[in-house]
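Presented below is the structure to which this report refers.
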Amino acid sequence: MINDLFKLAAGSALALSLASGPLVAQEAFGEWDADANAGIDAAEFNTGLGNELFAAADTDSDESLSEDELSAALGDQDVPYDYSAWDGDGDGIIRESEFLSGLYSAYDVDADGSLDEEEFGNFEAAGFLNM
Ligand SMILES: [Ca+2]
Ligand SMILES: [Ca+2]
Ligand SMILES: [Ca+2]
């Protein structure tokens, strides 16, 4: 019984520390901000995010996202997105580069080409890094 309580407490402490925003967020922010100018530009974002999120979203592995794939990947995260706006070249499919820049601009709320700590915090809070 005491043992179980202890496990429970240890478990929730772990959950708390995993979910704890500020410290974790700052760590990732610092890691992604390669030139340490307190802002994450699109190139740093692409490097930080890598291709795992796109690959996970591209469920049929055709190197592009259909509207259904995009909505399945982002719908739960409450990301404001517009499929046709993200489809920069208007060919009706979203490629990885379009996905990355779409996601980036969705979080670069003031559209200054840099994710500051608050904007990045919103991105992190959406849980993409845990997918
Ligand atoms: Ca930077
Ligand atoms: Ca696909
Ligand atoms: Ca910004």
Quiz item: Being among the aromatic types (Phe, Trp, Tyr), under 17 Å from residue 32 (Cα atoms) and either within 16 Å of ligand 1 (Cβ to nearest atom) or more than 11 Å from the chain's Cα centre (by Cα) (or both), is that true of even one residue in segment 117-129?
Solution: yes
Quiz item: For segment 74-101, how many residues meet the condition of being of a type in the set (Gly, Ala, Ser) and over 21 Å from residue 112 (Cβ atoms)?
Solution: 4
Quiz item: Given the conditions (1) within 16 Å of ligand 2 (Cβ to nearest atom); (2) crowded, with 17+ Cβ neighbours inside 10 Å, which single one is not true for residue 55?
Solution: (2)
Quiz item: Which pairs have Cβ atoms under 6 Å, sit 6 or more apart or on different chains, and link a residue in segment 98-125 that is among the aliphatic types (A, V, I, L, M) to one that is in a strand (DSSP E or B) and within 15 Å of ligand 1 (Cβ to nearest atom)?
Solution: 115/40
Quiz prompt | Residues located in segment 74-97, provided they are away from ligand 2 (no atom under 16 Å from the Cβ) and either without any contact (Cβ under 8 Å) to a residue 40 or more places away in the chain or farther than 22 Å from residue 32 by Cα (or both) | solution = 76, 78, 80, 82, 84, 85, 88, 89, 90
Practice problem: Confirm whether residue 25 is farther than 19 Å from residue 122 by Cα and either assigned to a helix (DSSP H, G or I) or at pLDDT 95 or above (or both). | Solution: no
Quiz item: If only one of 35, 76, 62 is at pLDDT 95 or above and either more than 24 Å from residue 110 (Cβ to Cβ) or assigned to a helix (DSSP H, G or I) (or both), which one is it?
Solution: 62
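The values are calculated or read from the model by the stated rules, or taken from the named source; none is laboratory data. From a predicted model like this one, the values you see are computed outputs, not experimental measurements. Here Cβ is always computed from backbone atoms with ideal geometry, including for glycine, and neighbour counts include all displayed protein chains.
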